[in-house]
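Heads up: the structure comes next, in structure tokens.
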Amino acid sequence: QVQLVESGGGSVQAGASVRLSCVASGRTFSTYAMAWFRQAPGKEREFVAATTWRATNRYYADYTESVKGRFTIFRDNAVNAVNLQMNSLKPEDTAVYYCAAAKSPPLGTSSTRWSPNGMDYWGKGTLVTVSS
């Protein structure tokens, strides 16, 4: 049974840093696309960041525009995990953050190609609250 379990959420002040972790079990995800989405109250779930395996034997990272330069996604394949380092947090980053995995990443190169509908597995989410 595949499971994705997020951790690391909490309440912080604007400007602080938080690291989210997602540990996967049930299979090896080293070649899967791993992503973070978020959903703020009253809003749709949106893409945040993703890491995909490329034929060049390297991982490629995608970010939504609003988090570029502040968030970093990185894997720890030794423990089947993907992390999201979030720096310089803003109140508008407040949301439930979800870890997701896809056997095949979406086609194309634009970060806008990532959709919740294209992901195969989901975690239950972890809440991050940023106060001003």
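Using a Gaussian network model of the chain with C-alpha springs under 10 Å, which one of GLY42, GLY108, GLY15 is most mobile by mean-square fluctuation?
Its mean-square fluctuation being the largest, the pick is GLY42.
Using the Cα centre of the chain as the reference point, and only Cβ charges (+1 on K/R, -1 on D/E), how large is the resulting charge dipole? Debye, rounded to the nearest 20.
The calculated dipole for the chain is roughly 220 debye.
Suppose every Lys and Arg Cβ carries +1 and every Asp and Glu Cβ carries -1, with no other charges. What dipole size does the range 15-88 come out with about its Cα centre, to the nearest 20 debye?
Roughly 80 debye, rounded to the nearest 20.
Based on the Cβ-Cβ distance of ARG19 and ALA61, what FRET efficiency does E = 1/(1 + (r/R0)^6) give at R0 = 22 Å, to the nearest 0.05?
My answer for the efficiency is 0.90.
Which trypsin sites (Lys or Arg not before Pro) in the range 44-132 sit in a loop by DSSP (not H, G, I, E or B) and have at most 14 other Cβ atoms within 10 Å of their own Cβ?
Taking the range 44-132 and a limit of 14 other Cβ atoms within 10 Å, the loop trypsin sites (Lys or Arg not before Pro) found are ARG54, ARG58, LYS68, LYS103, LYS124.
Which listed residue (GLY15, THR28, GLN39) has the Cα farthest towards the positive end of the charge dipole for the range 1-84, taking +1 on Lys and Arg C-beta and -1 on Asp and Glu C-beta about the Cα centre?
Positive-end residue among those listed: THR28.
So how many Å³ per residue does the convex hull of the Cα atoms of the range 32-91 work out to?
Normalising the Cα hull of the range 32-91 by residue number yields 103 Å³.
Could you tell me what a quarter of the Cα convex hull surface of the chain works out to, in nm² with one decimal place?
If you wrap the Cα atoms of the chain in a convex hull and average its projections, you get 7.6 nm².
Please report, as a whole percent, how much of the solvent-accessible surface of the range 66-132 comes from carbon and sulfur atoms (probe radius 1.4 Å).
For the range 66-132, the apolar C and S fraction of the accessible surface comes to 52 percent.
How much accessible area per residue does the range 43-132 have, counting only protein heavy atoms and a probe of 1.4 Å, in square angstrom?
Dividing the accessible area of the range 43-132 by its residue count gives 55 Å².
The values are calculated or read from the model by the stated rules, or taken from the named source; none is laboratory data. Please read these numbers as outputs of a predicted model, since none were measured by experiment. Neighbour counts are summed over all protein chains in view; Cβ atoms, including those assigned to glycine, are modelled from backbone coordinates with ideal geometry. What goes into the accessible areas is simple: the full protein's heavy atoms, side chains included, and nothing from ligands, DNA or RNA. Shrake-Rupley method; radii C 1.70, N 1.55, O 1.52, S 1.80 Å.
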